[in-house]
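Only one structure is covered here, and it is reproduced in the block below.
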Amino acid sequence: MKTILITGGAGFIGSHVVRLFVNKYPDYKIVNLDKLTYAGNLENIRDIESKSNYEFVKGDIVDSAFVSDLFKKYGFQGVIHLAAESHVDRSISNPTEFIYTNIIGTVNLLNAARAEWTEKPGDNLFYHISTDEVYGSLGEEGLFTEESPYDPRSPYSASKASSDHLVRAWYHTFKLPVVISNCSNNYGPNQFPEKLIPLAINNIKNMKAVPVYGKGENIRDWLFVEDHAKAIDEIFHRGKTGETYNIGGINEWKNIDLIQLLCKIMDDKLSRSAGTSASLITYVKDRAGHDLRYAIDSSKLQADLNWAPSLQFEEGLAKTVEWYLRNEVWMNNVMTGDYEKYYDKQYVKR
Ligand code: NAD
Ligand code: TYD
């Protein structure tokens, strides 16, 4: 039996990865380590919490002694590291937290894995989950490949770039077995409503303004979260040690076009007359340093590991809308504390 540590498994992507691994690999013991920040929610994984091959540990990856003790206690053979501060806007208002969790937290895990695997060498792997935002911003043409130079622009992407470099440094210097993937924007169930799609769904549902930053012309490549989880499964089991894989949806959307599509779906699902949801679109002050375009070339992953996105965007988006409309309680429970205050403050009309 292999014991695998998944960090950040109560968050958006992590919860889908935990679910996939717990259900698909009954021979693995999955330990989910999560601090349960505002973005972590045990409701996301309620359905698997009583499985015998699953255990949850609440803790902070920034606490090096705690992380090192955890490795000694469980003797992990694999790590899938997702825990992070993940929202660009929050990294602009509070960068320091991103440095602690995304950089120091990653180093603590690398150190603990190195200590454990020096003592017990074998079939071990440290899999670091990262973002395409480390490559910076594209113009109208071109795609990010695994060879694209790093050029992060936000405190979030700079902290993730830093952690990617450190993971590679541990591979080259200490021969720690690692693999890295850099993925485009994810969407789907359980995403905290600070990110564009769930925030817009929630606001449209409640007939509140849908904030579009700048002119809405920024472009993102969107991937359904379960397709990301499947790619992570392939890379963890069949990826080559020391390699990097780009993961993307081959699905570029201008923000305003995406929001218009979402408005149409919402009108339809809520039986509203055409145009009702779109009337909520409100252009607001642009994000500082807003990256223009992200787009991923995932041909290496497709060729080497035979992975491809399975869902068409319209289908995935409709599924996502249905999930949020069905899970009103989830949505209300995660919007705790100063949520309203924090998000209303950003809506400075252009
Ligand atoms: P999320 O914000 O939804 O979840 C992050 C999780 O990490 C939460 O459960 C939180 O409680 C936990 N966490 C935060 N700080 C911690 C700490 N100090 N110790 C332990 N746990 C801590 O994030 P997400 O969107 O699911 O992203 C997961 C990973 O995937 C991140 O590393 C992110 O950089 C990467 N990624 C995200 C996207 C995306 O579109 N969301 C795209 C590519 C890569
Ligand atoms: P987001 O979901 O925050 O992801 P990221 O910044 O990591 O790409 O934002 C996606 C895009 O949507 C990005 O170009 C910023 C824009 N955006 C808005 O226009 N309005 C919003 O309320 C949010 C949260 C994002």
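Values in this text are rule-based calculations from the coordinates and carry no lab data. Just so it is clear, the structure is predicted and the values come from calculations on it, not from any experiment. All Cβ positions, even for glycine, are placed from backbone atoms using ideal geometry, and neighbour counts span all protein chains on display.
The figures follow:
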quantity	calculated
Fraction of antiparallel bridges per DSSP, the chain only, in percent to nearest 5	10 percent
Total lysine pairs under 20 Å (Cα atoms) in the range 1-125, excluding pairs fewer than 8 apart on one chain	19
Estimated distance in nm for a label pair at Lys240 and Ser64, the labels positioned 7 Å out from Cα along Cα-to-Cβ	3.4 nm
Crossing angle, helix 225-238 versus the chain [Cα axis fit, 0-90 degrees, rounded to tens]	20 degrees
Contour excess over end-to-end distance, with Cα ends at Ser271 and Lys285 and 0.36 nm allotted per residue	1.9 nm
Packing-based order for 251-264, 124-137, using average beta carbon neighbours within 10 Å, highest first	124-137, 251-264
Value of relative contact order over the range 255-350, rounded to a whole percent, pairs C-alpha under 8 Å and six or more apart	35 percent
Simple spin-label estimate for Glu141 and Asp27 in nanometres, 7 Å along Cα-Cβ	5.0 nm
Tilt relative to the chain, helix 64-74 - C-alpha long axis, 0 to 90 degrees, to 10	70 degrees
Antiparallel content of DSSP bridges confined to the range 140-265, in %, to 5	30 percent
Efficiency of FRET between Glu119 and Ser299 - r from beta-carbon atoms, R0 45 angstrom, step 0.05	0.70
Whole-angstrom gap from the range 271-302 to the range 314-341, using each part's C-alpha centre	17 Å
Modelled FRET efficiency - R0 25 Å, Lys208 with Asn94, Cβ distances, 0.05 increments	0.55
Net +/- balance of residues flanking Asp34 in space, Cβ distance below 11 Å, scoring K and R +1, D and E -1	+1
Spin-label model distance (nm) - His172 vs Lys215, 7 Å beyond Cα toward Cβ	4.0 nm
Proximal lysines to Lys349, defined as alpha-carbon separation beneath 19 angstrom and excluding residues fewer than eight positions away on the same chain	Lys195, Lys208, Lys215, Lys285, Lys341
By average C-beta atoms within 10 angstrom, highest first, the peptides 91-104, 183-196	183-196, 91-104
Relative contact order, percent, the chain [alpha-carbon distance under 8 Å, six or more residues apart]	17 percent
Karplus-derived 3J(HN,Hα), 6.51/-1.76/1.60, for each residue of the range 140-153, Hz, glycine and proline x	6, 10, x, 9, 6, 10, 5, 8, 4, x, 6, 8, x, 10
Nearest 10 degrees, 0 to 90: helix 313-326 Cα axis against the chain principal axis	90 degrees
Value of Rg to Rh for the chain (Rh from inverse mean 1/r over Cα pairs, i.e. Kirkwood)	0.96
Electrostatic dipole magnitude of the chain [Cβ: Lys, Arg +1; Asp, Glu -1; Cα centre; debye, to 20]	540 debye
Helix-only CD estimate at 222 nm, as mean residue ellipticity for the chain, using -39500 (n - 2.57) per DSSP H run (n ≥ 4)	-12500 deg cm²/dmol
